[in-house]
Amino acid sequence: MKPVNKYKTLALANESFNQENYEEALRQYAQVLQDYPESKEAFNGAILAEMAMSGEEAAEALFDYYEVLREEDAEQADTVIAEILQTMDGTVDQLTSLFTEPMRQRLDYEDGILYDDFRQLVKEQGDFKMIFENIMFSTRVLITEKEEFIDFLSQLNSHGYHKMAMNYIETALSMYPNDDQLRALLRDILKSRPVEDSAS
């Protein structure tokens with residue numbers, strides 16, 4: 001039997017997923033895997049399709065994120081999504097609690113500055129880059145709420161720290177994969193990031 005056309009079938013599978021026809025998408029990803037078992041895109045797509053079929057809301061958001069990443073670097077996108085899926089293990093709520101609950105408990109014994117205090121310093125002195133770089137070398141910024149985290153990522157991006165913001169946002173999306181603010185911020189970072197980001 002002649003093997004399926006890998007790229008055409010993957011394109012059809014992705015289209016089926018975007019049309020919320022998850023069962024058909026899964027069937028098409030499985031076809032690719034049967035002939036090309038090493039295909040990471042088909043493997044990740046099959047897992048996301050299964051998640052979507054089981055009612056996991058994060059699946060659609062992760063698929064959107066996957067498509068954005070693939071436009072930048074397909075091979076890296078495959079690795080990032082595979083790691084997120086492995087870390088998630090279908091338990092988004094548990095990951096969310098890992099981010100939010102321990103933070104307040106750590107404030108008593110960690111050497112750091114609360115994000116509200118950091119933001120007040122920036123407001124008073126008007127120089128985000130200088131204050132941020134001084135703090136990076138002497139202490140750490142302690143973020144206790146998701147809204148602070150999103151604001152921090154926005155500030156990093158708008159002040160030229162694109163690579164750092166991307167590293168943070170990949171972790172954030174593994175915890176909040178269906179968050180519209182994070183997805184919009186990811187698109188902003190990708191748009192504003194220079195072609196050669198090695199200097200940041």
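The values are calculated or read from the model by the stated rules, or taken from the named source; none is laboratory data. Predicted, not measured: the structure shown is a model, and the values here were computed from it. Backbone-built Cβ (ideal geometry, glycine too); neighbour counts: all protein chains shown. Just so you know, the surface numbers come from the protein's heavy atoms only, side chains and all, with ligands and any DNA or RNA stripped out. Shrake-Rupley method; radii C 1.70, N 1.55, O 1.52, S 1.80 Å.
How far apart, in nanometres, would the label points at Asp188 and Glu83 be if each is projected 7 angstrom from Cα along the Cα-to-Cβ direction?
With each label point 7 Å from Cα toward Cβ, the separation is 2.4 nm.
Using modelled amide H (1.01 Å from N, peptide plane; none on Pro or chain starts), what sits under 5 Å from the amide H of Ile113, excluding residues fewer than 5 places away?
Under 5 Å from the amide H of Ile113: Arg140, Val141, Leu142.
Mind scanning Lys129/Lys191; Lys8/Lys163; Lys6/Lys163 and naming the pairs with a C-alpha gap bigger than 29 Å?
Too far apart for the 29 Å limit: Lys8/Lys163; Lys6/Lys163.
Accessible area per residue, 1.4 Å probe, Å², for the stretch 1-88: what's the number? Please report the intermediate quantities before stating the final value.
Working: 5030 Å² over 88 residues.
Ligands and nucleic acids excluded, the figure is 57 Å² per residue.
So between Asp64 and Gln120, what do we pick up on full extension, going 0.36 nm a residue minus the alpha carbon distance?
Numbers: separation 56, 0.36 × 56 = 20.16 nm, distance 3.50 nm.
Difference between extended and current length: 16.7 nm.
Per 0.36 nm of contour for each residue apart, how much would the distance between Lys163 and Glu72 grow if the chain were fully extended, relative to their Cα-Cα spacing?
31.4 nm
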